[in-house]
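The values are calculated or read from the model by the stated rules, or taken from the named source; none is laboratory data. None of the values given here were measured: they were computed from a predicted structure. Cβ placement follows ideal geometry from the backbone for every residue including glycine, while neighbour counts extend to all protein chains displayed. The accessibility values were calculated without ligands, DNA or RNA, using every heavy atom of the protein model including side chains. Shrake-Rupley method; radii C 1.70, N 1.55, O 1.52, S 1.80 Å.
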Amino acid sequence: MSILTKSTVHKKLATDTLFWGMVIGFLASRITFVIALWDVYQNDWFAILDIRDGGFNQAVGWFAGIIFIMIRARGNRKLMSAYLKSALFTGVIIFPLFLFNTLISSQNAVTSVDVVTAQGRPHVVNTQTGKPLIVNFWASWCPPCRREMPILQDAQQKHDAVQFVFINQKESPEKARQFLESQQITIKNSYFDFSGKSSAQLGAYGLPTTLFFNADGELVDSHMGELSQATLQHYLVPLLNDLNK
């Protein structure tokens, strides 16, 4: 029978604590998000388990995970010291990168992109419209794009105070039209970007990506991946609240 050394026990405790801290943080962030948008999730309980929508309250998740780790490490000076050193080391590396990215983003802010209409006429999408703006980049070959389109269609019909713009990436208008008609989807402000430059200019690097601008034309949020009804509502609420101030 092997005998566990103090070093082995310490490593196991540290690993287990981090693992369960991550699990608790993950669950706390998801549960908090679901509770906040229960009016949406109560109509589809299975959607609670579908984490592809990216619906998480990250602040609560980090808080819950860190509190759990601190409680587990309480009284274990060696373990607490290791966690604090790791956190400090991570912060030293990440903070300059975050600051650099913020400065670059602010300097390269784009207020308009060139697209074309379904008839091939040039059009300019301006982010400074005087009202909240939601820009969705999509393509018919993209399964998450196809799944979220009915949700975006419904939101566009319900929220007249928000402008929705759909920019298809690198597809022909005919192909996009065939998909929309096959799904009986009708959307307004639908444009095309055959080169894919508009998404890169606005900082969207995957499909689907949805960008959220306030009434002043400032990018306040972005979501890469499929939107569920709950996650779209999560982003919409602050934009609508700003209008009511």
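Net charge of the neighbourhood of Thr231, taken over other residues with C-beta under 11 Å away and scored Lys/Arg +1, Asp/Glu -1, is -4.
Pick from Ser222, Ser172, Ser190 the residue whose mean-square fluctuation is largest in a GNM of the chain, springs joining Cα atoms under 10 Å. In the Gaussian network model the winner is Ser172. What FRET efficiency comes out for Phe63 versus Asp221 if R0 is 30 angstrom and r is the Cβ-Cβ distance? Round to the nearest 0.05. Approximately 0.90, to the nearest 0.05. Across every direction, the projection of the convex hull enclosing the Cα atoms of segment 118-217 has a mean area of 6.0 nm². If you average the alpha carbon positions of segment 190-243 and of segment 38-74, how far apart do those two centres end up, in angstrom? That distance is 23 Å.
Evaluated over the chain, the count of Lys pairs having alpha-carbon atoms less than 23 Å apart is 16 (only pairs 8 or more residues apart or interchain).
As a length-normalised measure over Cα pairs under 8 Å and 6 or more apart, the relative contact order of the chain settles at 20 percent.
Solvent-accessible surface of protein heavy atoms, probed at 1.4 angstrom with all chains present, puts Leu180, Leu49, Leu227 in the order Leu49, Leu180, Leu227, largest first. For Leu133, neighbours were defined as the other residues whose beta-carbon sits under 14 Å from its Cβ, and their charges (Lys and Arg +1, Asp and Glu -1) total -3.
Accessible area of Lys12 (1.4 Å probe, protein heavy atoms only, ligands and nucleic acids ignored): about 120 Å².
Taking every DSSP beta bridge with both residues inside the chain, roughly what % is antiparallel (nearest 5)? List each step's numbers first, then the result.
Values: 16 of 26 bridges.
The antiparallel proportion sits near 60 percent.
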